[in-house]
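S.K.: Structure below; questions to follow.
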Amino acid sequence: MLLLRDYEYIDVARITDYLSSVDPGVANELTQRIKSNTGVNVSGGINIQAFKLGGGARKGDESEVQQTIRVYAQHMFSRLYDEVQKAGAIQTVDLDTPLEMDGLSRSSVLEVTRDFRPSPLHQMLDSFTGIVDRMKSLGMESELGDEANMEQIMRIVGWLRGEEGSNEVPMFSKADEDGDASVVFVARENFVLGMGTEFRGEMTLFGKVQELVPAGSSIDLIDLLKVLPPGVRGANGFGGTLKDAIHDFMGEWPKELGGPIERDEVVVQGPAVVVTPVAAYTV
């Protein structure tokens with residue numbers, strides 16, 4: 001059956017890694033496609049993650065390369081999907097079916113449709129960094145307050161947003177009914193197609209189960225993002241652990257900047273399934 005997908009997110013690097021296990025020529029094929037379509041001389045392989053798939057258009061060869069990767073990534077995903085489907089390894093769960101953890105294991109392949117939204121923390125950080133950037137562009141840095149305090153705040157914001165150029169976006173679909181598991185995944189902004197502000201709502205997530213959180217347990221956003229090494233997260237200071245300090249920091253965030261963020265808003269209670277995202281789409 002022909003299935004037309006409208007892609008919201010596609011991780012071309014991960015697709016290439018997975019597909020290369022069943023088709024070793026994929027990476028070279030993508031490199032050749034870029035060369036033939038753009039005339040760009042790509043030598044020594046290609047760092048696919050370096051190219052941003054989403055966002056606004058750019059001029060010249062870089063724009064053509066990005067478009068080539070975007071189109072070909074969708075083609076590669078269809079090939080990967082077909083191979084996994086042939087093996088009978090996909091567990092599909094539609095919007096109206098509870099997601100049960102029985103029968104799932106780490107590395108299970110899941111295609112689950114849910115109503116996803118970014119974490120409140122991510123929305124708060126976006127609001128804050130947007131205001132800071134606008135004030136700096138207007139030459140109003142002095143209005144931001146004490147320089148040392150601002151530097152400390154920006155360091156914490158940097159930890160929570162992830163690596164430059166590949167900021168991480170935690171996405172949640174919290175279960176509302178008994179017997180249903182919440183679904184959590186962490187997307188990277190450079191693989192979000194279109195405007196990041198539109199990356200929410202009902203969509204189908206395809207990926208590999210990363211972690212199963214049983215009932216009675218929970219997963220904290222800070223642990224999920226791995227923004228701090230375990231030893232640092234638990235380090236004493238600020239009257240408690242650094243992790244506690246970050247939660248306090250979120251709880252005291254000004255309302256004008258999207259706060260405050262209560263602890264239970266960034267903690268997902270089990271049962272929950274953490275998925276490594278490969279693609280997200282609507283059909």
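S.K.: How much length, in nm to one decimal, is gained on full extension between ASP6 and VAL71, taken as 0.36 nm per residue of separation minus their Cα-Cα distance? Let's see the in-between values first.
M.R.: Working: separation 65, 0.36 × 65 = 23.40 nm, distance 1.19 nm.
Contour length minus Cα-Cα distance gives 22.2 nm.
S.K.: Calculate the spin-label point distance for ASP248 paired with ARG134, positioning each point 7 Å from the Cα along the beta-carbon direction, and give it in nanometres.
M.R.: It is 3.1 nm.
S.K.: Can you put ASP178, ASP248 in order, fewest other beta carbons within 10 Å first?
M.R.: Details: ASP178 8, ASP248 14.
Going from sparsest to densest Cβ surroundings: ASP178, ASP248.
S.K.: I would also like to ask the following. Summing +1 for each Lys or Arg and -1 for each Asp or Glu, what net charge is found among the other residues whose Cβ lies under 9 Å from the Cβ of VAL283? Spell out each step's value before the answer.
M.R.: Values: positive: ARG5; negative: ASP6.
Summing Lys/Arg as +1 and Asp/Glu as -1 gives 0.
S.K.: What area, in nm² and to one decimal, does the C-alpha convex hull of the stretch 172-215 cast on average over all directions? Numbers along the way, then the final one.
M.R.: Numbers: hull surface 16.1 nm².
Over every viewing direction, the Cα hull of the stretch 172-215 projects on average to 4.0 nm².
S.K.: Ok, one more. Applying the Karplus parametrisation 6.51 cos²θ - 1.76 cosθ + 1.60 with θ = phi - 60° to the phi angles of the stretch 3-10, what ³J(HN,Hα) value in whole Hz is obtained for each residue in order, glycine and proline being reported as x?
M.R.: Residue by residue, the stretch 3-10 yields 10, 9, 10, 9, 7, 9, 7, 8 Hz.
S.K.: Another one. Sticking with the crude label model, points 7 Å out along Cα→Cβ, report the distance from SER218 to GLU265 in nm, one decimal please.
M.R.: 1.5
FYI, it's all coordinate maths here, none of it is from the lab. What you are looking at is a predicted structure, and each value in this text was computed from that prediction instead of being measured. Every residue, glycine as well, gets a Cβ built from its backbone with ideal geometry; the counts of neighbours run over all protein chains shown.
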